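Derivation of every value follows stated rules applied to the coordinates shown; laboratory data play no part. The model shown is predicted, which means the values in this text are computed figures rather than measured ones. In this analysis, Cβ positions are derived from the backbone assuming ideal geometry, glycine residues included, and neighbour counts consider all displayed protein chains.
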């Protein structure tokens, strides 16, 4: 079934606020949408790449890492190898 009963909910979540890359709880980056967070000593990021129909989750046991940069470092080199099965 559908994730949301009301399509406007998904639209609101994936529409950035003026002057921002952030919707309602969803960070929007080129090719990805997701959320990152952390507490002392831990960081995490979950991103969805719609055109690849792929979810990427990265967990860090440090608070010094930048999850968004780590995602790009890991995914961009293999991005051409990922494809959506038809």
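Counting beta carbons within 10 Å around each of 63, 5 and listing the fewest first gives the order 5, 63.
Look at (1) 1.19; (2) 2.87; (3) 2.99: the one that is Cα Rg over 2.2 N^0.38 Å derived from this structure is (1). Rounded to the nearest 500, the 222 nm mean residue ellipticity of the chain from helices alone is -6500 deg cm²/dmol, with -39,500 (n - 2.57) taken per DSSP H run of at least 4 residues.
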